[in-house]
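Trainee: Take a look at this one; I'll ask things after.
The values are calculated or read from the model by the stated rules, or taken from the named source; none is laboratory data. A quick note: this is a predicted structure, and the numbers were derived from the prediction, not measured. Please note: Cβ atoms are built from the backbone with ideal geometry, for glycine as well, and neighbour counts cover all protein chains shown. Note: areas computed on protein heavy atoms with side chains; ligands, DNA, RNA excluded. Shrake-Rupley method; radii C 1.70, N 1.55, O 1.52, S 1.80 Å.
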Amino acid sequence: MASLRENSRLPVSQLATMLDIPRTQVYARLERLEAEGIIDGYTVRLGQAYSTNRAYGRT
């Protein structure tokens, strides 16, 4: 959970390597955590540069 909290975009293969478990087990754990409401979604946090670029019409 700490790794996902720090970077929710970690590939499943990298999580599997870090945890020393098969990728299928990582998928199963993520599905269970989502079903139990422990993981409620994956989000993007936009930085100041995004807001600044939007003000000038750039995306």
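Trainee: Quick check for you: with a 1.4 Å probe and neighbouring chains kept, what is the accessible area per residue of the chain, in Å²?
Mentor: 88
Trainee: With a 1.4 Å probe and all protein chains left in place, how much of the accessible area of the chain comes from carbon and sulfur atoms, in whole percent? Mind dumping the intermediate values first?
Mentor: Numbers: 2520 of 5180 Å².
Within the chain, the accessible surface is 49 percent carbon and sulfur.
Trainee: As a test of the formula, what do you get for the chain when each DSSP H run with n ≥ 4 contributes -39,500 (n - 2.57) and the sum is divided by the residue count, at 222 nm and rounded to the nearest 500 deg cm²/dmol?
Mentor: -16000 deg cm²/dmol
Trainee: Further, regarding this structure: Taking 30 Å as R0, compute the FRET efficiency from the Cβ-Cβ separation of S51 and R5 and round it to 0.05.
Mentor: Details: r = 24 Å, r/R0 = 0.80.
Efficiency, from the Cβ-Cβ distance: 0.80.
Trainee: Here are a few candidate values for log10 I(q)/I(0) by the Debye sum over Cα atoms at q = 0.19, 0.20, 0.23, 0.24 Å⁻¹: (1) -0.81, -0.85, -0.95, -0.97; (2) -0.64, -0.69, -0.81, -0.85; (3) -0.73, -0.77, -0.91, -0.96. Which one was actually calculated from the structure I just gave you?
Mentor: (3)
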